[in-house]
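Each value in this text was obtained by applying a stated rule to the coordinates, not by laboratory testing. Here the structure is a predicted model, which means the values were calculated and not measured. Methodologically, a virtual Cβ is constructed for each residue, glycine included, from the backbone with ideal geometry; neighbour enumeration extends over all protein chains shown.
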Amino acid sequence: MTLETFFHTHPKAALAFSGGCDSALLLWAAKEYGCQLRAYFVDSPFQPRFELEDARRLAEQLDMPLTVLQTNPLSNPLIASNPADRCYHCKKAIFGSILEAARKDGYGLVLDGTNASDNAQDRPGMRALTELSVRSPLRECGLTKAQVRALSKEAGLFTWDKPAYACLATRVPTGTPLEPETLQRVEQGEAFLAQQGFSDFRIRVRGGLALIQLPQDQMEQAFRQRLVLSQGLSPWFQEIALDLAGRI
């Protein structure tokens, strides 16, 4: 099955839109193949501001309707306590809000951007999507992440090479309660790293320490700028460390 076939078969749908590469391609494909689709972006403490900005930018470029939903997953103790299955509870809450809004707007089908490269065993949140009957066209069409990027580049989408960006809650070790201040520190710290020219990074929180994870090809730059990084991140973290293993 192709995306064209999928959207011709399902001519009206709602899309959980993150502003990332995968859901961006779905937004474009819906436009391209005549699907009456509305995108829903869930704005929460787990999402950095640039994701919302990217979502709005792409929706405007494609002239597709976008609804921004305000939610606070931290109000749910099953999420705020940060258990091993936090992602499952979070997906249930977030997609529950999308489903409710979509139904009120007259959409009975909700889509998400899971692709064929995503491993269900590594993503407990995907169980929640199955339970909520959320469809994943990229996965159903067998499109891998590499193919999604290639198609996005061909379509002229600025998101084609956008790095994957997991929610801010993933920066905090399982079992450590999630607090708004911690998530804000991570967001501000990672924004600083982006300003310094780094990409595809993570700041893992270990108490007052920021453990920076970078791709191997950016390690030399980090060593050269170690004083800049230490001073620049000091407003949010007491100590700064670099993970020598890097990001894989």
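Quick notes on this one:
- Taken over the C-alpha atoms, region 112-227 has Rg and Dmax values of 17.0, 50 angstrom.
- Proxy reagent accessibility, fewest Cβ within 10 Å first, across Thr2, Thr9: Thr9, Thr2
- Of the residues Lys92, Lys153, the one with the fewest other Cβ atoms within 10 Å heads the list, and the complete ranking is Lys153, Lys92.
- By other beta-carbon atoms within 10 Å, ranking Asp54, Asp43 with the fewest at the front produces Asp43, Asp54.
- Cα-only radius of gyration and Dmax that characterise the chain, units Å: 18.6, 56
- Amide H to amide H distances under 5 Å link Arg247 with Leu214, Gln216, where only residues 5 or more positions off or on other chains count and H is placed in the peptide plane.
- Note: relative contact order over region 1-142, using C-alpha pairs below 8 Å and six or more positions apart, is 27 percent.
- Count, lysine Cα pairs under 19 Å in the chain, 8 or more residues apart or across chains: 7
- Between Ser199 and Arg56, the FRET efficiency from the beta-carbon distance, with R0 = 25 Å, is close to 0.70.
- Residues whose amide H falls under 5 Å from that of Asn82, counting only those 5 or more places apart or on a different chain, are Leu178, with hydrogens built in the peptide plane.
- Relative contact order (%) - region 179-241, alpha-carbon pairs under 8 angstrom, separation at least six: 34
- Separation between Cα centres of region 188-213 and region 48-99, rounded to whole Å: 21
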